[in-house]
Structures are given as structure tokens and as C-alpha cells.
Amino acid sequence: MGSLSIWHWLIVLVIVALIFGTKKLRNVGEDLGGAVKGFKKGIKDANDEADSSKDDGINRKVADTQDTAAPAKPDAIDVQAREKSE
């Protein structure tokens, strides 16, 4: 008595189809499917954007370390080296 059999579900399905009509139920199904596809696409785009921003951060760090490792001009004074030697 606690669980519904297949016949109960079929009767419920027929009643719902009679009330709403098959065309409206089909439209609801298409709308629901489109919403799920849009949600999945949004999640994928967000993950791709997050991955690309992580890559940009790594590339910036590499570029920053390369800029500081560049050789100094011959007439420039290295203040940090002078402070270390004193």
C-alpha cells in the first residue's frame, strides 16, 4: 500500500496528459532540456575562463622574473648591491 505500482503511474501520466495536453508537455520538456544545456555550457565557459586566468597569472610571474633578471645598464648604479657590500 505504501508504494505505487506501474499502473498507478500510468494513470497519473494519462491524467496529466489530459489536463495539460501533449503539445504543452513537449514544450515543457524542450524548455527544460534547453535550460540544462545552457547551464552545462555556462559551467564549461566559467571553467575555461578560470583556467585561462590562471595561465595568465603564471605567465605574468614568469615575465616579471625575467624583467628583473635583465642585465643592468653599464652607467646604472645598483642600490641593493651597494647596500649589501657596506
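Pop out the ³J(HN,Hα) list for the range 12-25 in order, Karplus 6.51 cos²θ - 1.76 cosθ + 1.60 with θ = phi - 60°, rounded to Hz; leave Gly and Pro as x.
4, 5, 5, 5, 5, 5, 5, 6, 8, x, 5, 5, 5, 5
If r is the Cβ-Cβ distance from VAL12 to LEU32 and R0 is 30 Å, what FRET efficiency results, to the nearest 0.05? Let's see the in-between values first.
Details: r = 19 Å, r/R0 = 0.62.
Efficiency for this residue pair is about 0.95.
No lab work stands behind these numbers, since they all come straight from the coordinates. No experiment lies behind these values; they were computed from the predicted model shown. Using ideal geometry, Cβ is built from the backbone for each residue, glycine included, and neighbour counts are taken over all protein chains shown.
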